[in-house]
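The values are calculated or read from the model by the stated rules, or taken from the named source; none is laboratory data. Source: prediction; values computed, not measured. Glycine gets a Cβ as well: all are built from the backbone with ideal geometry, and neighbour counts include every protein chain shown. Remember, those area values only see protein heavy atoms, side chains included, never the ligands or the DNA or RNA. Shrake-Rupley method; radii C 1.70, N 1.55, O 1.52, S 1.80 Å.
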Amino acid sequence: GGRVPERRHLDGSSPPLPPAAARDPSGGAWVGKTPSGTGIGKLCAQLSTEQCSLQTLLLSFNQLGDREMELLCRAVAKNRVLKWLAMVNCGISPKAMSYVANMIKDSKSLTRLDLGLNTVPAKAAKALGASLGANSTLTALDLTQCRLRGGVGFVVEALP
């Protein structure tokens, strides 16, 4: 087998390896502790550059606040290479879910988005549905165990 790339936290320290099921075989980024402050700023700055070649970003099980989500979603929307973004169980707030909706609408490269285990209120689901209709690259949206709070219809209506 091939050599597993060394993983680093945003602050440069080495994280313990995740369980085998959570490892990213493509060598994408894996963030093992809450990315906040300077760390999320550095990540977003890198994502926004034309030199960024990152295709997979796994942020699952990190609590992301509204400010971090706003920065991240803006950076991902500008990025033209990132294909897969996982934000499973990140405690995404209803306000931050609106940033996700804008990111989906504006993204030109994202093909897979995993949002499982986050609460999606009806208003956020409506925004997600509208974004899906405006996006031509996203082919997989995982809402596993999301509490859709009456908004499932908005998402379903946007499906082709």
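The table for this structure:
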read-out	value
Distance between region 106-160 and region 59-92 - C-alpha centres, whole angstrom	14 Å
Cβ-Cβ FRET estimate between Thr144 and Gln46, R0 fixed at 30 Å, reported to 0.05	0.60
Computed lengthening from Glu157 to Ala122, 0.36 nm per intervening residue step minus Cα-Cα distance	11.3 nm
Nonlocal Lys pairs with alpha-carbon distance under 14 Å, region 52-142 (8 or more apart, or different chains)	6
Point-to-point label distance, Arg67-Ala130, nm (Cα→Cβ direction, 7 Å offset)	2.7 nm
Label-point separation, Asn89 to Thr111 (7 Å along Cα→Cβ), nm	2.8 nm
Region 45-160, accessible area per residue, ligands and nucleic acids excluded (1.4 Å, Å²)	49 Å²
